[in-house]
Amino acid sequence: LEFRRVLFRSPPQFTQVTIGAGSLLQLSGTGPLEQPYRLLASTNLALPVSNWPTIATGIFAAGLFNFSDSLTNHSQCFYLLTTP
């Protein structure tokens, strides 16, 4: 009889979106502890995700991430949080 340890990683997700002073968009989220993430963005939701540029990378330190973006850069923008 063989036992294997299986780790389930929760998918990354946004937990809070706020607009602060000066039209500053703040995104917060959670993901797998100490794992890398990529934040993708596009102004065109119909564009294939493979064509969305990476605008931030990092590590889910303590399972959390934070990102800020100025809303003055574009009239609309869509964001996707992924793990490699």
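The candidate values are (i) 16.1, 69; (ii) 15.4, 61; (iii) 13.0, 38; the one derived from this structure for Rg and Dmax of the Cα atoms in Å carries the label (ii). Spin-label model, VAL49 to LEU80: label points 7 Å out along the Cα-to-beta-carbon direction sit 0.5 nm apart. Between THR18 and ASN66, with labels modelled 7 Å along Cα→Cβ, what's the label distance in nm to one decimal, could you check? Placing both labels 7 Å beyond Cα along the Cβ direction yields 0.9 nm.
Contact order for the chain, expressed relative to its length and based on alpha carbon pairs under 8 Å spaced 6+ residues apart, stands at 35 percent.
The numbers here are math on the coordinates, done by the rules we state, and not lab data. Keep in mind it's a predicted model, so treat the numbers as computed, not measured. Cβ coordinates were reconstructed from backbone atoms using ideal geometry, including for glycine residues, and neighbour counts include every protein chain displayed.
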